[in-house]
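The numbers here are math on the coordinates, done by the rules we state, and not lab data. If you're wondering where the values come from, they're calculated on a predicted model, not measured in any experiment. Counting neighbours? That spans all protein chains shown, and the Cβs are built from the backbone with ideal geometry, glycine included.
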Amino acid sequence: MNTPVPSATATDPTTLSLREALAFLDDRIAGRVLIPGDPGWDEARSAWNLAIDQRPAAVVIAADAADVARTVRTAKGLGLAVAPQATGHNAGPLAARDGLADAILLRTHELRGVEVDAESRIARVEAGAQWGDVVAAVAPLGLTALAGSSHDVGVVGYTLGGGISWLARSHGVAANHVVAIDVVTADGMARRVDAEHDAELFWALRGGGGDFGVVTALEFRLFDVPALSAGMLLWSIERTADVMAAWSAWTADLPASVTSLVRALRLPPMPELPPFLSGRSLVVVEVAMQEDPARVDELLAPLRALAPEVDTVHPQNSDELLQLHMDPPQPTPGYGDGMLLAELPPAAIRAFVDEAGPDSSSALLSAEIRHLGAMMRPGVARAAASAQGRPEPGVTAGIDAGYLVFGVGIAMPGNADALAESLGRLLARVEPWRAGTDYLNFAEHSRLPERFFGDDLERLRAVKQAVDPTKVIRSNHPVG
Ligand SMILES: Cc1cc2nc3c(=O)[nH]c(=O)nc-3n(C[C@H](O)[C@H](O)[C@H](O)COP(=O)(O)OP(=O)(O)OC[C@H]3O[C@@H](n4cnc5c(N)ncnc54)[C@H](O)[C@@H]3O)c2cc1C
C-alpha cells in the first residue's frame with residue numbers, strides 16, 4: 001500500500017486513528033479486517049488450541065498474498081507487530097506476551113491451495129494449507145509428503161520449525177526438502193528465496209521458525225514410498241514397564257526405514273472411538289515401516305512376542321498415516337510440552353513409567369516417546385544432502401537427540417493444576433537425560449532461543465536484523 005496510513009497508538013484499538021487505518025486496510029484488501037466487538041471477532045481470534053486466549057489489536061483474514069503484503073505495510077506504519085497464524089496449533093507461546101495486544105493476528109487459513117508437479121515431484125502450497133490438503137492432492141498421484149501426524153496441522157508452521165513425519169528416520173526433517181519459499185518481509189516486499197536467491201534468509205527459514213517474514217507459499221519435494229506397513233500394537237496400561245523397556249531395546253538396532261513411538265494413553269469414554277480404545281488406559285507402540293510384509297514381520301517379532309491385545313499393523317498407502325496417531329479431529333483445548341532426550345537408558349524408562357505408567361496419578365491423556373536418530377541426525381542429513389546434490393540444509397538440518405518426549409492433556413475447567421503438575425513431574429524426571437537442544441515444534445511454552453539454536457543463534461539474529469530490524473514480524477518462538 002503506497003498511501004500513507006494515519007498514525008495511531010499501538011496499544012489502543014479503539015482510538016479513532018487506529019480504527020481509521022484498519023478500515024482503510026479493510027477497503028483495500030480482498031480479505032477482511034476485524035477489530036474487537038465486530039461480529040465474528042471471537043471466532044476470528046480463536047486458535048486451534050482452544051485453551052489459548054488470543055486478544056490481538058486486530059485480526060486480518062487474508063484472501064491472497066497481496067493482502068499479506070498490505071497488512072505488513074499497514075502494521076509497520078501503525079507501530080504494530082504482525083503475527084502470522086495458519087491454525088493456532090502452537091498458539092501458546094505466541095499469546096504468552098500480553099495475548100498479542102500490540103499485534104495484528106494475520107490468519108492465513110483461507111489460503112489452502114496446493115499444486116503438484118508430478119513429474120518433478122514438487123508440491124507448492126499456500127500459507128494456510130494443512131497436511132490433509134497436501135495428502136489428498138498427492139496420494140492419487142502415488143506420491144508421499146513428509147506430513148506430520150495430524151491432518152489439520154499447518155504445512156508452513158510445521159516446516160518452518162523442522163517437521164518430524166512418519167518417515168523422519170529415513171527422510172530427515174521436512175525443512176530439508178524445501179526447494180523455494182515465497183515470503184513477505186517486514187518492509188512489505190514479496191521475495192522468492194531459494195538456495196541461489198537470498199540464501200541466508202532461505203537458511204534461516206528452514207528450521208528457524210516464523211520470525212523472518214510471512215510465508216505466502218512453500219515448495220517442497222515429494223517421494224515415492226513403494227512399500228509401507230503401519231499400525232499400532234496395544235496392551236493394557238499395566239504392561240507399560242515391560243512394553244516400554246522392550247520398545248526402547250528394540251529401537252537400539254532398527255534400520256532407518258522404521259519410525260516408531262511408544263505412548264501411555266488414558267482415553268476418556270468417547271462414542272467415536274472403537275470399544276478397544278474408548279475409556280481405556282493403554283500402552284501403545286505405533287510404527288511406520290517402509291519394508292515388505294515379510295521383513296515387517298521379522299522386525300516386529302520382539303514386540304509381538306509380548307502378545308499385544310490388538311495389532312493393527314498392515315500394508316497400506318501413505319495417506320493412511322494421517323490416522324495412525326489418532327490426533328484430535330478438530331480444535332481442542334490442550335496443555336502439553338516436549339523435551340528431547342540424548343539417550344534412553346533403562347533408568348530413563350523407569351522414570352518415565354513412574355510418572356506416566358499404571359501406578360502414577362498422571363492427568364495426561366498421552367505421554368509419548370518418539371524415536372529419532374538415523375537421517376534425523378544433523379550430520380547424517382548434511383552428508384546425504386551433499387551426496388544427493390541437494391542444497392545445504394537450513395539451520396535445523398536435523399535434531400541432535402535420540403528421542404523426543406511429549407506429554408499432553410485436555411484442558412478442562414478445574415484441571416489446570418493437575419495437568420501442569422503431571423507434565424512438570426514427567427519432564428523433571430527425565431531431565432537428567434535431556435539433550436543439549438530443544439525442538440521448536442514441540443515446544444508449547446516459551447523457551448530461551450539458545451535452547452533451539454545454540455551456536456547458530458547469532459547467525460539467525462543477524463538475518464532477523466537484516467530483514468526485520470524493528471521486529472514487525474512476531475513469531476511464537478522469536479530469535480531474540
Ligand atoms: C495435534 C498436534 C500434532 C502435531 N504433530 C506434529 C508432528 O507429527 N510433527 C511435528 O514436527 N510437529 C507436530 N506438531 C507440532 C506442529 O508442527 C507445530 O505446532 C507447528 O507450529 C504448527 O504449525 P501451524 O501453522 O499449524 O500452527 P500455528 O500456531 O498457526 O503456527 C505456529 C507458528 O508458525 C509460524 N507460521 C505459521 N504460518 C506462517 C506463515 N505463513 N509465515 C510465517 N510464519 C508462519 C508462526 O511463527 C506461528 O506462530 C503437532 C502439534 C499438534 C497440536
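Quick notes
- Residues V380 and E343, FRET efficiency given R0 of 25 Å [Cβ-Cβ distance, rounded to 0.05]: 0.90
- Going from the fewest other Cβ atoms within 10 Å to the most, the residues E119, E20, E219 appear in the order E119, E20, E219.
- Every helix of 4 or more DSSP H residues in the chain counts as -39500 (n - 2.57), and over all residues that averages to -8500 deg cm²/dmol at 222 nm.
- Surrounding net charge for L228, when Lys and Arg each add one and Asp and Glu each subtract one, Cβ distance under 13 Å: -4
- Angle between the chain longest axis and helix 293-304 axis [Cα atoms, degrees, rounded to 10]: 80
- Projecting the Cα atoms of A443, V215, L460 onto the charge dipole of the chain (Cβ charges, centred on the Cα centre) puts L460 farthest toward the positive pole.
- Evaluated with a Cβ-only charge set (Lys, Arg +1; Asp, Glu -1), the range 229-442 carries a dipole of roughly 280 debye about its Cα centre, given to the nearest 20.
- Helix 65-78 and the long axis of the chain differ in direction by around 60°, with both axes built from C-alpha atoms.
- Check: the chain dipole with +1 on Lys, Arg Cβ and -1 on Asp, Glu Cβ, in debye: 680
- Charge-dipole axis of the range 114-224 as Lys and Arg at +1 and Asp and Glu at -1 on Cβ define it, positive-most pick from H197, I181, A147: A147
- Net charge of the neighbourhood of L141, taken over other residues with C-beta under 15 Å away and scored Lys/Arg +1, Asp/Glu -1, is -3.
- Ordering Y158, Y439 by the number of other Cβ atoms within 10 Å of each residue's own Cβ, fewest first, gives Y439, Y158.
- Placing unit charges on each Cβ (+1 for Lys and Arg, -1 for Asp and Glu) gives the chain a dipole about its Cα centre, and among L167, P36, W131 the Cα reaching farthest toward its positive end belongs to P36.
- Local electrostatic count, R377, Cβ distance below 10 Å [Lys/Arg +1, Asp/Glu -1]: +1
- The string of couplings for the range 139-153 from the Karplus curve (6.51, -1.76, 1.60, θ = phi - 60°) is 4, x, 8, x, 10, 10, 9, 7, 6, x, 6, 10, 5, 10, 6 Hz, one whole number per residue in order, with x for Gly and Pro.
- Shape category assigned to the chain from the gyration tensor of Cα positions, a/c cut at 1.5: prolate
- Taken about its Cα centre, the range 130-221 carries a charge dipole of roughly 340 debye when the Cβ of each Lys and Arg holds +1 and the Cβ of each Asp and Glu holds -1.
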